[in-house]
Amino acid sequence: MAQGRKIPTWVTHFTHIDHLETVIRDGLLSDSRAHELDVLQTEVGEPRIKDRRRARAVPGSGGGTVADYVPFYFAPRSPMLYSISMGNVPTYGGGTGRLIYLLTTLERLQELGHHVMLTDRNAALGYAEYRKFDPADQIDDGFIDWPLMKAERWNNTLEEPQRMERRMAEALVHNRVDWEAVTGLGVKSKKLAEEVREILTRSSVREDFQIYVRPEWYF
């Protein structure tokens, strides 16, 4: 497949900058675990979607529901980020300017012993398909819609009514992801990059840790 998976395969997770210090200290936690430990300071998720994720069982792997997994996505500018930018999340009205991307790769997660489950679309959907990640699997059989991940626009069309949900294909890690897995951070502005650098320095993260200013990853 000409436009298939690239190796290493980059994945992203966005969160509010308020959570960066706890992620460095405790790792990146699933929604269930973050609530259990009461470390969720700024909720940017859509409550109805989170409710569906708490009810949707994950077949195989570590079991549990989707909310028991840390989600990563294969492309920025997701439908969820768009919803936040439009002010459609009732629990959060702060826009996208203070959201940060945590960057890693499927290979890095595997190297650190994290077992990764892939979904072909938004994992909260009852008809989403699941597959355990195998580094030898090129995932080029259409399970992940790689051309759509490269597209700037992912709106549904009459010809392709499932583009939005396929853009939200996920890589799921049960319970927690080590901070060691994070290989870089993406931010919207130089100003936020400076704030992030201060947090990294305060948390004794190495000085050469990469911060990428990528306004094109945002709405």
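The values are calculated or read from the model by the stated rules, or taken from the named source; none is laboratory data. If you're wondering where the values come from, they're calculated on a predicted model, not measured in any experiment. As a convention, Cβ positions derive from the backbone with ideal geometry for all residues, glycine included, and neighbour counts pool all protein chains shown.
For the reader, a short list of remarks on this structure follows.
- Qualifying residue in region 163-182 (condition: of a type in the set (Asp, Glu) and within 23 Å of residue 5 (Cβ to Cβ)): yes
- Residue 121 over 21 Å from residue 218 (Cβ atoms), in contact with a Leu (Cβ under 6 Å, 6 or more places away or on another chain) and modelled with pLDDT of 95 or more: no
- Restricting region 35-63 to residues that are part of a helix (DSSP H, G or I) and under 15 Å from the mean Cα position of the chain (by Cα), the residue that is surrounded by the most Cβ atoms within 10 Å (Cβ to Cβ): 53
- Of the residues making up region 180-194, those that are crowded, with 16+ Cβ neighbours inside 10 Å and assigned to a helix (DSSP H, G or I) are 181, 192, 193.
- When residue 32 is tested against (1) over 16 Å from residue 169 (Cα atoms); (2) in contact with a Phe, Trp or Tyr (Cβ under 8 Å, 6 or more places away or on another chain); (3) modelled with pLDDT of 95 or more, exactly one condition is not met: (2).
- Those strands (runs of 3 or more DSSP E) of region 93-135 in which 1 or more residues are more than 16 Å from the chain's Cα centre (by Cα) and of a type outside the set (Asp, Glu) occupy 130-132.
- Applying a threshold of 6 Å to beta carbon distances and a minimum spacing of six or more residues, or different chains, the list of pairs starting in region 202-219 at a residue that is more than 16 Å from residue 189 (Cβ to Cβ) and ending at one that is at pLDDT below 95 and surrounded by 14 or more Cβ atoms within 10 Å (Cβ to Cβ) is empty.
- Looking only at region 41-67, residues that are without any contact (Cβ under 8 Å) to a residue 24 or more places away in the chain and touching a Ser or Thr at 6+ places or on another chain (Cβ under 9 Å) come to 3 in all.
- In region 153-177, residue nearest to residue 68 (Cα to Cα) [restricted to those that are acidic (Asp, Glu) and touching a helix residue (DSSP H, G or I) at 6+ places or on another chain (Cβ under 9 Å)]: 170
- Meets criteria (modelled with pLDDT of 95 or more, surrounded by fewer than 18 Cβ atoms within 10 Å (Cβ to Cβ) and under 25 Å from residue 214 (Cα atoms)) for residue 4: no
- Residue list for region 13-34, filter: surrounded by fewer than 19 Cβ atoms within 10 Å (Cβ to Cβ), among the hydroxyl-bearing types (Ser, Thr, Tyr) and not in a helix (DSSP H, G or I): none
- Some residue of region 144-158 being in contact with a strand residue (DSSP E or B) (Cβ under 6 Å, 6 or more places away or on another chain), under 23 Å from residue 59 (Cα atoms), among the charged types (D, E, K, R) and free of Cβ contacts under 8 Å to residues at least 60 places away in the same chain: no
- Consider region 136-157 and keep the residues that are of a type in the set (Phe, Trp, Tyr) and in a loop (DSSP other than H, G, I, E, B). The one that is surrounded by the fewest Cβ atoms within 10 Å (Cβ to Cβ) is 143.
- Residues in region 158-169 include none that are surrounded by fewer than 16 Cβ atoms within 10 Å (Cβ to Cβ) and within 15 Å of residue 103 (Cα to Cα).
- Lone unmet requirement of (1) buried (at least 20 other Cβ atoms within 10 Å of the Cβ); (2) at negative phi; (3) of a type outside the set (Gly, Ala, Ser); (4) in a loop (DSSP other than H, G, I, E, B) for residue 173: (4)
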